[in-house]
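Worksheet: one structure, shown below.
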Amino acid sequence: MASPGPAGAASAAASPSPPMQLPSPFAELVKAPSGLEKIVLRGARNCCAEIYLYGGQVTSWKNDNGEELLFLSSKAIFKPPKAIRGGIPVCFPQFGTHGNLEQHGFARNRFWTIDNNPPPLPVNPAIKAFVDLILKPSEEDLKIWPHSFEFRLRVALGPSGDLSLTSRIRNTNTDGRPFSYTFAYHTYFSVSDISEVRVEGLETMDYLDNLKAKERFTEQGDAIVFESEVDKVYLAAPSKIAIIDHEKKRTFVVTKEGLPDAVVWNPWDKKAKAMQDFGDAEYKSMLCVEPAAVERPITLKPGEEWKGRLVLSAVPSSYCSGQLDPLKVLQG
Ligand SMILES: O=P(O)(O)OC[C@H]1O[C@@H](O)[C@H](O)[C@@H](O)[C@@H]1O
């Protein structure tokens, strides 16, 4: 019996193409109105997630009640070479301007394919909705970043609605050369009102301020609140960070593995207006908290593989009129 081919082959086939077989019966490949293909993962009740092959990018994550938890700009452009504004773009092999490549590297504006036969990954057997994607460099990519790699990304929706992204990057250079890269899961959270949001877990951390020529500072002892533009790379941040949305009475818990740093970004009003693919007032309803490896690039020798994981959960905040217990959120 013939095994299903890779998604790239399916998308290149003459239309109408037969429905693509995905390993999970809870995953479906559909064509978005833009013409781009996306995978829809369906979890319990109304939980679901959407992942575009373009950018290997998660663009939607909904909870039990079908409420959207990620921010996606109403002005997002679903057309290469522009990266999709919102969701979870993957920044690789460069975060920001930390190198000579285009801002945030090229993985976010390349077409990924479905990997129907990935190397085994230890998984929670309760996870039924998942998809594995893969990105390999094209001839053009090799001209701008002369390294051969395999980047495997698994996106999974857990039984309680948690969203996990697991990246495995392997150096497949055949000339014996190592390579180094920086990385981020550029996660855009949807929030009720940025002035009602605070971030816990980054207090007292050192950070590089992108608004001050990447100079190093130390954060004060209080939770982070937002009153103006923020663009900071927190160094050696803890593995759990909480984003508390008082108005929505919702807390996002961000758990990261293999990613020492965490970027916090909100463009605020002036920068929002300057961005073509972002609404003027949309800065009020989003916040980026991005597990990352920025300060110290990751180096892989040929044959070596790196793993970096992000798990997102959204829980009702116990906050009413008193203080939320940050330890409960961060440890619980
Ligand atoms: O507009 P882009 O390339 O998607 O980047 C958005 C922002 O992404 C953040 O991660 C960076 O820290 C910011 O400096 C940057 O402005």
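The values are calculated or read from the model by the stated rules, or taken from the named source; none is laboratory data. Remember, predicted model here, so these are calculated numbers, not experimental data. Quick reminder, even Gly has a Cβ in these numbers, built from the backbone with ideal geometry, and neighbours come from all protein chains shown.
For G99, indicate whether it is surrounded by 14 or more Cβ atoms within 10 Å (Cβ to Cβ), within 16 Å of the ligand (Cβ to nearest atom) and more than 19 Å from the chain's Cα centre (by Cα). When the stated conditions are applied, G99 passes them. Every listed requirement among (1) over 20 Å from F252 (Cα atoms); (2) more than 14 Å from the chain's Cα centre (by Cα) is met by R45 save one, (1).
So that you can scan it fast, the table gives a plain yes or no per residue for (1) under 18 Å from the mean Cα position of the chain (by Cα); (2) more than 16 Å from the ligand (Cβ to nearest atom):
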residue: S195; (1), (2): no, yes
residue: E200; (1), (2): no, yes
residue: I224; (1), (2): no, no
residue: F252; (1), (2): yes, yes
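Within the span defined as region 267-284, every residue fails to be in contact with a Cys (Cβ under 7 Å, 6 or more places away or on another chain) and either more than 26 Å from K212 (Cβ to Cβ) or among the hydrophobic types (A, V, I, L, M, F, W, C) (or both). Would region 55-63 turn up any residue that is over 18 Å from L310 (Cα atoms) and either more than 11 Å from the ligand (Cβ to nearest atom) or at pLDDT 95 or above (or both)? Scanning region 55-63 turns up no residue that is over 18 Å from L310 (Cα atoms) and either more than 11 Å from the ligand (Cβ to nearest atom) or at pLDDT 95 or above (or both). What are the residue pairs meeting all of these: first residue in region 74-88, first residue under 13 Å from S60 (Cβ atoms), second residue part of a loop (DSSP other than H, G, I, E, B) and aromatic (F, W, Y), Cβ atoms under 7 Å, and 6 or more apart or on different chains? Short answer, once both residue conditions are applied: I84/F78; G86/F71.
Set side by side, the residues I84, I77 differ, and just one is over 16 Å from A156 (Cα atoms), β-branched (V, I, T), within 16 Å of the ligand (Cβ to nearest atom) and surrounded by fewer than 23 Cβ atoms within 10 Å (Cβ to Cβ), which is I77.
Within region 34-60, residues that are on the phi < 0 side of the Ramachandran plot have Cβ atoms under 6 Å from residues that are charged (D, E, K, R) and modelled with pLDDT under 95 in these pairs: N46/D64; C47/D64, counting only partners at least 6 apart in sequence or on another chain. If you go through region 226-238 and keep only what is within 16 Å of the ligand (Cβ to nearest atom), of a type in the set (A, V, I, L, M) and either surrounded by fewer than 20 Cβ atoms within 10 Å (Cβ to Cβ) or part of a strand (DSSP E or B) (or both), you end up with V230, V233, L235. Say whether the condition of being within 14 Å of the ligand (Cβ to nearest atom), free of Cβ contacts under 8 Å to residues at least 40 places away in the same chain, surrounded by 15 or more Cβ atoms within 10 Å (Cβ to Cβ) and closer than 28 Å to G56 by Cα is met by at least one residue in region 203-211. Within region 203-211, none of the residues are within 14 Å of the ligand (Cβ to nearest atom), free of Cβ contacts under 8 Å to residues at least 40 places away in the same chain, surrounded by 15 or more Cβ atoms within 10 Å (Cβ to Cβ) and closer than 28 Å to G56 by Cα.
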